[in-house]
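One structure is given below, encoded as structure tokens.
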Amino acid sequence: MAQPIALVTGANRGIGLETCRQLLNAGYRVILTSRNEQKGQEAARQLGGSGAGAVFRQLDVAIPESIAALKEFVESEFGRLDVLVNNAAIHYDTWQEVTAPDFTTVDEAITTNLLGPWRLCAALIPLMRKNRWGRIVNVSSGSGSLHRMGSETPAYGITKAALNALTIKLAKATARDGILVNAVCPGWVRTDMGGAGAPRSVAQGAASVMWAVQLPDDGPTGGFFRDGKRVEW
Ligand SMILES: NC(=O)c1ccc[n+]([C@@H]2O[C@H](COP(=O)([O-])OP(=O)(O)OC[C@H]3O[C@@H](n4cnc5c(N)ncnc54)[C@H](OP(=O)(O)O)[C@@H]3O)[C@@H](O)[C@H]2O)c1
């Protein structure tokens, strides 16, 4: 295969940025996306700029027109896409009660954490199907596991459970196309979202994502993993 092309959402900081770094180190051509142009440019510069393989592109996953523009860019610039990492997410809502949430927050979480990845997959899977090859990693969370679900972080947990359901449906729909779609929990990671007290580094979190990016062709699809091990739905 020619140098594989990988796209990461929400890549200006945290696990997304570190995933771009690890993708570059592994030899991928990386499309680093960020909703904020300046922060995204700066992140791409940190990784060595286009000379080292990172191309910046503005993308707000909550805005359908932004996704449509990105699709056009990927199609015209590269004509293919091999890896999609749906990393961007918001509202780890520890402050909310499920019995009385702020529904604006819930709505925003659904738009970004579920509809964003869904719209991106709908836009970009045709590019993967063309080559009958692809890897899609939906960055999920143990908070979305129905098995261990509590009442806390309602908007976040429910959107991650829905993202897991989307993962299964996409995996079934693409099972004959050479595309593997998996949900990955990075663990509790020291980022703006995870906080300074989290036990894991961004490198460890991104490594959990990379495992699903680098699956062999006979690897699993439609699963939920952390560090390459299955997590209960
Ligand atoms: N950290 C943890 O402990 C942990 C645990 C389990 C799962 N996760 C998951 O891991 C992923 C990365 O988390 P993180 O800890 O790296 O979070 P983070 O530091 O808060 O970074 C989130 C990223 O998403 C971007 N983003 C938010 N809304 C966006 C939108 N509408 N369009 C494009 N980008 C958007 C942010 O951009 P701005 O800078 O513009 O806000 C930022 O780049 C998320 O899916 C998260 O749910 C994290």
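Residue ranges 84-90, 217-223 sort as 84-90, 217-223 when ordered by packing (mean number of other C-beta atoms within 10 Å per residue, highest first).
By the rule of a C-alpha distance below 20 Å, with chain neighbours fewer than 8 residues away ignored, the lysines paired with Lys160 are Lys169, Lys172, Lys229. 3J(HN,Hα) along the stretch 97-104: 9, 5, 7, 8, x, 7, 6, 5 Hz, from the Karplus curve 6.51 cos²θ - 1.76 cosθ + 1.60 with θ = phi - 60°, whole Hz, x for Gly and Pro. Bridge orientation summary for the stretch 5-230: considering DSSP beta bridges with both residues in this region, about 5 percent are antiparallel. Computed across the chain, the Kirkwood hydrodynamic radius from all distinct Cα-Cα pairs reaches 17.5 Å. Taking GluC sites (Glu not before Pro) as exposed when DSSP calls them loop and at most 15 other C-beta atoms lie within 10 angstrom, the chain has its longest site-free stretch at 1-96.
Annotation: amide H of Val55 within the under-5 Å range of Val30, Ile31, Leu32, sequence separation 5 or more or interchain, hydrogens built in the peptide plane.
Split the chain at each of the trypsin sites (Lys or Arg not before Pro) in a DSSP loop with at most 15 other beta carbon atoms within 10 Å, and the longest piece is 1-131.
Read-outs: derived from the displayed coordinates by stated rules, not from any lab. For clarity, every value in this text was computed on a predicted model and none was experimentally measured. Cβ: placed from backbone, ideal geometry, glycine included. Neighbour counts: every protein chain shown.
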